[in-house]
1. Label points 7 Å out from Cα along the Cβ direction at Lys294 and Gln208: separation in nm?
2. Per residue, how big is the convex hull of the stretch 170-376 when only Cα atoms are used? Give it in Å³.
3. Hey, with R₀ at 30 Å, roughly what FRET efficiency would Glu364 and Leu266 work out to, going by the Cβ-Cβ distance, to 0.05?
4. Where in the stretch 259-300 does the amide nitrogen come within less than 13 Å of the point 7 Å from the Cα of Glu179, taken along Cα to Cβ?
5. May I ask you to compute the full-extension gain from Glu311 to Arg127, defined as 0.36 nm times their residue separation minus their alpha-carbon distance, rounded to one decimal in nm?
6. Give me log10 I(q)/I(0) at q = 0.21, 0.23 Å⁻¹ for the stretch 176-215, Debye formula, one equal scatterer per alpha-carbon, no solvent.
7. How much length would be gained if the chain were fully extended between Asn111 and Lys94, taking 0.36 nm per residue of separation minus their Cα-Cα distance, in nm to one decimal?
8. Apply the Kirkwood formula to the stretch 160-231: the hydrodynamic radius equals the inverse of the mean of 1/r over all pairs of different alpha-carbon atoms; give it in Å with one decimal.
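Where a number appears in this text, it was derived from the coordinates with a stated rule and is not lab data. Only a predicted model underlies this, so the values are computations on that prediction, with no experimental measurement involved. Every residue, glycine as well, gets a Cβ built from its backbone with ideal geometry; the counts of neighbours run over all protein chains shown.
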Amino acid sequence: MGVAVTITAIVAGGAIVIVIMLIKCVRKSKAQSNVAQGQISSSNTATSPYFSNYSVAWNIEMETIDRFLGDIMKEKPTRFTPQHLISFTHNYAKKLGSGGFGVVYKGQFPNGLQVAVKVLHGTLDKRAEEQFMAEIGTIGRTYHVNLVRLYGFCLDPTVKALVYEYMENGSLDRYLFDENNRIEWGKLYEIAIGTAKGIRYLHEECEQKIVHYDIKPGNILLNANFRPKVSDFGLAKLCDRENSHVTLTGARGTPGYAAPELWMPLPVTHKCDVYSFGMLLFEIVGRRRNLEFKQGESQEWYPKWVWEKYEQRQLENIISLSGIEAKYREKAERMCRVALLCVQYQPAARPSMSNVVRLLEEEEEIAAPLNPFQYMTSYAAGSTLWSESTGESTSRKTTEDENELASSS
């Protein structure tokens, strides 16, 4: 059993090291891609680009769609027509943003309620179709003050769209990583608690448990009063409460936030969301991305740096460097310790989201966390043993791997 755990730890550590190296390699190409995407022509403003005369790949069998819609219509979301969307958005007059999924427009219902209309690209592959249905089938079944509300959807051969409540202050990452959009840290603490309550609802209070799989700052939206709401349920999955584990058909989540078990052939539970929430807490404390190569080597990966300072009983040093006011420093230390509990390597060692809420609200004492990154040490030791047995030096092997990654990028 010990050997199996060691091997699994080595694989997990290796996966994280590879992810870090890949992020370094692709950062430049990603920036270039974003520039290119911003240059896409938008000349057809008089007529909606989603209603021109072109054929759309319609890959979902109608029987499946009818059954799906029958289930959904028992719940709250309304099915809108393409004409409704044109009316709501004043012929797609104001674009809020765009991405790989499509374009988001600002709209308004006849009663004056503001909405956000996410119009998906005309042709969807099978995975995109699954994410579209997952979004409706999960968030469409729920209502909670800390979840973005889905008012309705459009599923038509010419257009596929989702209609949400409008969130005036955008996503949380804007206020964590942009120095020009700072908000008081006490408000960030409230945002953390509200987000935790939203995830708790998904895990413990819905009729069916919902695992989100992609908790991160970009998926936490803020309304006019900075109330946080969990959004983007494209990767979410419904599960029966009696099922302790979830079967996945592929890796999910965002590197840097996704739990180790999501990248390996291991059982997956709702505790993967707890891990991602812990990574989010680190970024709230530091008001920086967890992985920043411009920092000193010891500070590149923020979560591990927090652990080292915790072990040395020097958490106050990190909090001071983050610019957190003295009146919030006790809460910030608490948040660091809760984050360390949430990112434990073994899912069973992570708290439930109910526990997380109570810990953040100071209703429970925080147990001393174990080292959540010990498996990375196991990986390093395993690499050394492998190198010695094969007669290769670890530094040489690492250099070869880096050269291969650099040439492939």
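1. Going from the Lys294 label point to the Gln208 one covers 4.5 nm.
2. 127
3. Efficiency, rounded to the nearest 0.05: 0.55.
4. Correct set: 288.
5. Net length gain for the segment: 61.9 nm.
6. -0.72, -0.78
7. Going from the current span to full extension adds 4.2 nm.
8. 13.1
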